[in-house]
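Take a look at the following structure, please.
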Amino acid sequence: MKQRSSCGILRPCLAFIVIFSSSAVLRSQDNGLAPKPPMGWNSWYGNICQVSDALIRAQADAMVQNGMRALGYEYVNIDDCWQGERDAQGMIHGDKNFPDMKALADYVHSKGLKFGLYSSPGPTTCGRREGSYGHEERDAQTYAAWGVDFLKYDWCSAGQVYKPEEMQAAYKKMGDALKRTGRPILYSLCQYGLQKVWTWAPSVGGNMWRTAGDLDYDYDRVSLVGFQQDGLERFAGPGHWNDPDMLLVGLKKFNEDENRTQMSLWCLLAAPLVASADLTTVSPASLAIMTNPEVIAVDQDAAGIQGHRVSEEGPLEVWVKPLADGSKAVGLFNRGEGANPVIVNLKDVGVKKTATVRDLWAAKNLGTFQGSFTAHVPKHGVVVVKIK
Ligand code: GLA
């Protein structure tokens, strides 16, 4: 297998990541939010512009009833297409489907959940609704008055009014406006990974930032974007996370192995877990994938270390995420078109020659292994183990 050289001597490499990450936090956003990768739901992929007050309430209800809330899913976020007109004072209002945004936020809060909205630094959103350009301060105040806890801020039309080199300032403008409200509002940047956003997003107040364009509904794209995240691990940590886009689990586009691959990879990446399927109709099988407690625990691990690739042989990849208790979460992925054995050399993932292995999806202890561990992995599938 081809070995990754930069992290070959694992301990010094990890020490560097931890020091780098914590100093980045001190220098940057200080809103105290997102100590772990944010978890929640977003309306976009499942409902596009078919959003309404009733739909959002139903998602909040479902998140409580189906056990997602108990497992840490927390934010209920309206994506594009909620915006109506501005009034004479410049205040934004919801459209006819959102007659009372404050009442909706109150409802979401009454369920023990948090409420998120979406806007753009440009004059219009990607869905051609009203953006925040020229109204940043006012909009931030309005969101705070409504009880908003999360803002996704999507570049969209902003290129029409800002030069590329003004992008950071455009994001800082809203980041500062949100801070001035005094309400803790998680700030989520969406500009598709332009201008190495991971190097500056925390300094404009960002708690998470998209690292690539939309996944759309395409498994090949999920695979491409997800497995491209290697190398970004040093920019993530408590309070500031790389976001390779939402979970497409449950949208009925992928088979169960593909769904498990996205969920596993996102958890190894310490990525935000934002479900996008309609939770009122999601299948029990997809729900089980999004609510596997042992896999979620990998994502939410207290150390907040984003995993990375340790080996790659054609379509077979091994990824590791160091965990707070000293053990390693390891993903054995098969991106190929046929079943294949995938081998992990224990020394490559920084564990002793003899190690105990637990299969997290199967919730089963597999025993003690010496030197290496091999799993038979189906096409587009994955086996995730905890090794110590
Ligand atoms: C962009 C974003 C998506 C979604 C849509 C809404 O494409 O990347 O996540 O918010 O806009 O129009």
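Would you mind stating whether Asn340 is of a type in the set (S, T, N, Q), under 25 Å from Val222 (Cβ atoms), at pLDDT 95 or above and surrounded by fewer than 21 Cβ atoms within 10 Å (Cβ to Cβ)?
yes
Would you be able to say whether some residue in the stretch 165-176 is outside any helix (DSSP H, G or I) and either closer than 21 Å to Pro244 by Cβ or in contact with a helix residue (DSSP H, G or I) (Cβ under 7 Å, 6 or more places away or on another chain) (or both)?
No, there is no match, as no residue in the stretch 165-176 is outside any helix (DSSP H, G or I) and either closer than 21 Å to Pro244 by Cβ or in contact with a helix residue (DSSP H, G or I) (Cβ under 7 Å, 6 or more places away or on another chain) (or both).
Could you pull out the residue among Gly175, Gly182, Gly193 that is more than 16 Å from the ligand (Cβ to nearest atom) and at positive phi?
On inspection, the qualifying residue turns out to be Gly182.
Output the number of the condition that Gly226 fails; it satisfies all remaining conditions of (1) surrounded by fewer than 22 Cβ atoms within 10 Å (Cβ to Cβ); (2) at pLDDT 95 or above; (3) touching a Phe, Trp or Tyr at 6+ places or on another chain (Cβ under 8 Å); (4) closer than 26 Å to Leu273 by Cβ.
Among (1) surrounded by fewer than 22 Cβ atoms within 10 Å (Cβ to Cβ); (2) at pLDDT 95 or above; (3) touching a Phe, Trp or Tyr at 6+ places or on another chain (Cβ under 8 Å); (4) closer than 26 Å to Leu273 by Cβ, Gly226 violates only (1).
How many residues does the stretch 177-211 hold that are assigned to a loop (DSSP other than H, G, I, E, B), closer than 18 Å to Gly131 by Cα and in contact with a Gly (Cβ under 7 Å, 6 or more places away or on another chain)?
Total satisfying the criteria: 1.
From the list Ala303, Ala275, which residue is over 17 Å from Ala363 (Cβ atoms) and within 11 Å of the chain's Cα centre (by Cα)?
Just one listed residue meets the conditions, Ala275.
For the stretch 37-54, what are the residues that are out of contact with any strand residue (DSSP E or B) (no Cβ under 9 Å at 6 or more places or on another chain) and farther than 14 Å from Val282 by Cβ?
Once the filter is applied, which keeps residues that are out of contact with any strand residue (DSSP E or B) (no Cβ under 9 Å at 6 or more places or on another chain) and farther than 14 Å from Val282 by Cβ, the stretch 37-54 yields Ile48, Cys49, Gln50, Val51, Ser52, Ala54.
Of the residues Gly122, Gly127, Gly131, which is in contact with a strand residue (DSSP E or B) (Cβ under 8 Å, 6 or more places away or on another chain), of a type in the set (Gly, Ala, Ser) and within 16 Å of the ligand (Cβ to nearest atom)?
Only one candidate passes the filter, namely Gly131.
Residues that are under 16 Å from Leu117 (Cβ atoms) and of a type in the set (Gly, Ala, Ser): which strands (runs of 3 or more DSSP E) entirely in the stretch 35-100 hold 1 or more of them?
The qualifying strands (runs of 3 or more DSSP E) are 39-42, 83-86, 92-94.
Cβ-Cβ distance below 9 Å, separation of 6 or more or different chains: which pairs start in the stretch 153-175 with a residue that is free of Cβ contacts under 8 Å to residues at least 60 places away in the same chain and over 16 Å from Trp200 (Cα atoms) and end on one that is more than 12 Å from the ligand (Cβ to nearest atom) and part of a helix (DSSP H, G or I)?
Listed by first residue and then by second, the contacts come to Ala158/Glu166; Ala158/Met167; Ala158/Ala170; Gly159/Met167; Val161/Ala170; Tyr162/Ala169; Tyr162/Ala170.
Hey, could you check the stretch 344-388 for residues that are among the small types (Gly, Ala, Ser) and over 25 Å from Asn255 (Cβ atoms) and say which is nearest to the chain's Cα centre (by Cα)?
Within the stretch 344-388, the match that is nearest to the chain's Cα centre (by Cα) is Gly350.
Looking only at the stretch 148-159, decide whether some residue is under 16 Å from His240 (Cβ atoms) and away from the ligand (no atom under 16 Å from the Cβ).
Checked the stretch 148-159: no residue is under 16 Å from His240 (Cβ atoms) and away from the ligand (no atom under 16 Å from the Cβ).
Follow-up. If only one of Lys352, Lys328, Lys364, Lys379 is surrounded by fewer than 20 Cβ atoms within 10 Å (Cβ to Cβ) and in contact with a Gly (Cβ under 8 Å, 6 or more places away or on another chain), which one is it?
Lys379
Right, here's the next one. Within the stretch 67-97, how many residues turn out to be touching a Ser or Thr at 6+ places or on another chain (Cβ under 8 Å) and either more than 18 Å from Leu151 (Cα to Cα) or away from the ligand (no atom under 16 Å from the Cβ) (or both)?
Counting residues in the stretch 67-97 that are touching a Ser or Thr at 6+ places or on another chain (Cβ under 8 Å) and either more than 18 Å from Leu151 (Cα to Cα) or away from the ligand (no atom under 16 Å from the Cβ) (or both) gives 6.
Among the listed residues Pro272, Pro284, which satisfies the condition of being out of contact with any helix residue (DSSP H, G or I) (no Cβ under 7 Å at 6 or more places or on another chain) and either touching a residue at least 12 places away in the same chain (Cβ under 8 Å) or surrounded by 22 or more Cβ atoms within 10 Å (Cβ to Cβ) (or both)?
After ruling out the rest, the residue left standing is Pro272.
Inspect all residues belonging to the stretch 141-155 and state whether any of them is small (Gly, Ala, Ser), outside any helix (DSSP H, G or I), at pLDDT 95 or above and in contact with a helix residue (DSSP H, G or I) (Cβ under 8 Å, 6 or more places away or on another chain).
yes
Also, I was wondering about something else. (1) over 12 Å from Asp243 (Cβ atoms); (2) of a type outside the set (D, E, K, R); (3) touching a strand residue (DSSP E or B) at 6+ places or on another chain (Cβ under 9 Å): which one isn't true of Gly182, the others all being true?
(3)
Testing Asn47 on (1) under 25 Å from Tyr217 (Cα atoms); (2) more than 16 Å from the ligand (Cβ to nearest atom); (3) in contact (Cβ under 8 Å) with a residue 60 or more places away in the chain, one condition comes back false. Which one is that?
(2)
The values are calculated or read from the model by the stated rules, or taken from the named source; none is laboratory data. Please read these numbers as outputs of a predicted model, since none were measured by experiment. Cβ coordinates were reconstructed from backbone atoms using ideal geometry, including for glycine residues, and neighbour counts include every protein chain displayed.
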